[in-house]
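Chemist: Quick one: the structure is below, and I'll ask about it shortly.
The values are calculated or read from the model by the stated rules, or taken from the named source; none is laboratory data. All values derive from a computational prediction rather than experimental measurement. Positions of Cβ are backbone-derived with ideal geometry, glycine not excepted, and every protein chain shown enters the neighbour counts. These area figures cover heavy atoms from the full protein model, side chains too; ligands, DNA and RNA do not enter into them. Shrake-Rupley method; radii C 1.70, N 1.55, O 1.52, S 1.80 Å.
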Amino acid sequence: MSHIKIKNENLISEVIIDRQEALNAMNPDVLSELTDAVQKVISDEKTGVIIITGEGNKAFIAGADIKAMQQMNAEEALRYGKAGQKLTLMIESSSKPVIAAINGFALGGGCELAMACHMRVVSENASFGQPEVKLGLLPGWGGTQRLPKIVGVGKAVELITTGKIINAEEAYRIGLANKICSSNQLMNESKNLATEILKNGPRAISSSLRCIKDGLTMNIEKGMEIEVEEFSELFRYEERMEGLTAFIEKRDPKFRQ
Ligand code: CAA
């Protein structure tokens, strides 16, 4: 049985993890299905923004599957770890913005998947943590790499070495959450954010995402070189003429059909 659902409306694709009996924990099968689903929506012409969420209001994703990991040897864990990393890299490199709509627990691999998304909209009952050390493990799906970039080294070390769980308010305070809302408004707020993005030029959005991502791993000179190349490249496309002309004509630009 598939644990992943995809819904598409008005250029917004929702990818929903539905394994509520295990708080949407991702065993190897769920991970593989989610990877296929994310790949599919990234390359789908009718998708402009992607929202990833968990079914129900208790959990986004409670992590990698602890019961499955109890049975793994080191080689199997390497494959599982690499499969999780592949998914987070795919999300982070997406040419379309990916929003995590976080409705409850985002722990371990769930927090790591959320951090690979470009933005995080969270419900008041959301909680975050990298509790792997409590299991004698470490965050294996990119957590040691992305958390320091999002919240700073000191806070990341504190969260990873204590394994403590923080609430939505604290996540917002340290920059892990973009926005907090009530549980029943979570999807509306996430879609409002997506709709705001969809008003803008799709090529300009993709280029911006690429510059931001690549810039995080290079020096400022190299980052700005890429930025100015992407900036000039946009002048080859009709999209920027529509944007510039709409401003001059005092009307809204029409970037998408
Ligand atoms: N893996 C497998 N099953 C899980 C799970 C997980 N990560 N998290 C929860 N479940 C299962 C529980 O075992 C339970 O199933 P059973 O009824 O069959 O026992 C069901 O989901 C409901 O969970 P609880 O009864 O524990 O619910 P709760 O409300 O009392 O507690 C919780 C909720 C605090 C999130 C608790 O379930 C918990 O601590 N879960 C584990 C969180 C965690 O440590 N995640 C990190 C995993 S390691 C990782 O992700 C590695 C990596 O970086 C790749």
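This table checks each residue for (1) small (G, A, S); (2) open to solvent by less than 30 Å² (accessible area, probe 1.4 Å); (3) touching a Pro at 6+ places or on another chain (Cβ under 9 Å); (4) outside the structural domain of A59 (by TED's automatic domain parsing).
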site	(1), (2), (3), (4)
L147	no, yes, yes, no
A168	yes, yes, no, no
S182	yes, no, no, no
A194	yes, yes, yes, no
I226	no, yes, no, yes
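Chemist: For S2, which of the numbered conditions (1) surrounded by 14 or more Cβ atoms within 10 Å (Cβ to Cβ); (2) assigned to a loop (DSSP other than H, G, I, E, B) fails to hold?
Modeler: Failing condition for S2: (1).
Chemist: Exactly one condition in (1) open to solvent by less than 10 Å² (accessible area, probe 1.4 Å); (2) modelled with pLDDT under 95; (3) not hydroxyl-bearing (S, T, Y) is not met by A101; state its number.
Modeler: Unmet condition: (2).
Chemist: Does Q85 count as open to solvent by 70 Å² or more (accessible area, probe 1.4 Å), within 12 Å of the ligand (Cβ to nearest atom) and under 19 Å from the mean Cα position of the chain (by Cα)? Before you say what the answer is, go through the steps one by one.
Modeler: Details: open to solvent by 70 Å² or more (accessible area, probe 1.4 Å): yes; within 12 Å of the ligand (Cβ to nearest atom): yes; under 19 Å from the mean Cα position of the chain (by Cα): yes.
Judged against the criteria, Q85 is a match.
Chemist: Which ones in region 228-257 are open to solvent by 100 Å² or more (accessible area, probe 1.4 Å), closer than 30 Å to K149 by Cα and of a type outside the set (D, E, K, R)?
Modeler: First, the residues of region 228-257 that are open to solvent by 100 Å² or more (accessible area, probe 1.4 Å): 229, 231, 236, 238, 247-250, 252, 254, 257.
Adding the requirement that they be closer than 30 Å to K149 by Cα leaves 229, 231.
If the condition is that a residue be open to solvent by 100 Å² or more (accessible area, probe 1.4 Å), closer than 30 Å to K149 by Cα and of a type outside the set (D, E, K, R), then F231 is the only one that fits.
Chemist: Residues that are within 16 Å of the ligand (Cβ to nearest atom), under 19 Å from the mean Cα position of the chain (by Cα), touching a residue at least 24 places away in the same chain (Cβ under 8 Å) and surrounded by fewer than 20 Cβ atoms within 10 Å (Cβ to Cβ): does region 5-22 have at least one?
Modeler: yes
Chemist: When both residues are 6+ apart or on different chains and their Cβ atoms are under 6 Å apart, which pairs have a first residue that lies in region 129-149 and is within 7 Å of the ligand (Cβ to nearest atom), and a second that is at pLDDT below 95?
Modeler: Sorted first by the residue in region 129-149, then by its partner, the list stays empty.
Chemist: Still on this structure, I have one more. State whether the residues of region 174-189 include one that is under 21 Å from C111 (Cβ atoms), among the acidic types (D, E) and at pLDDT 95 or above.
Modeler: The answer is yes, given that some residue of region 174-189 is under 21 Å from C111 (Cβ atoms), among the acidic types (D, E) and at pLDDT 95 or above.
Chemist: While we're here: Given the condition in contact with a helix residue (DSSP H, G or I) (Cβ under 7 Å, 6 or more places away or on another chain) and within 13 Å of the ligand (Cβ to nearest atom), answer yes or no: does some residue in region 39-55 qualify?
Modeler: There is no residue in region 39-55 that is in contact with a helix residue (DSSP H, G or I) (Cβ under 7 Å, 6 or more places away or on another chain) and within 13 Å of the ligand (Cβ to nearest atom).
Chemist: Just to be sure before I move on: is A171 touching a strand residue (DSSP E or B) at 6+ places or on another chain (Cβ under 7 Å), at pLDDT 95 or above and among the small types (G, A, S) in the structure I sent? Walk me through how you get there before you give the answer.
Modeler: Working: touching a strand residue (DSSP E or B) at 6+ places or on another chain (Cβ under 7 Å): yes; at pLDDT 95 or above: yes; among the small types (G, A, S): yes.
Yes.
Chemist: Next question. Give me the pairs: first residue in region 56-78 and open to solvent by 100 Å² or more (accessible area, probe 1.4 Å), second residue within 8 Å of the ligand (Cβ to nearest atom), beta-carbon distance under 9 Å, and six or more apart or on different chains, which are they?
Modeler: Between residues of region 56-78 that are open to solvent by 100 Å² or more (accessible area, probe 1.4 Å) and residues that are within 8 Å of the ligand (Cβ to nearest atom), the close pairs are K58/L23; K58/F105; K67/A22; K67/A25; K67/N27.
Chemist: I'm told A194 meets every condition in (1) at pLDDT below 95; (2) touching a strand residue (DSSP E or B) at 6+ places or on another chain (Cβ under 7 Å) except one. Can you identify the failing condition by its number?
Modeler: Status for A194: all satisfied but (1).
Chemist: Could you pull out every one of the helices (runs of 4 or more DSSP H) wholly within region 183-257 that has 2 or more residues that are more than 30 Å from G54 (Cα to Cα)?
Modeler: Numbers: elements: 186-198, 202-215, 220-233, 238-248.
Here the list reads 220-233, 238-248.
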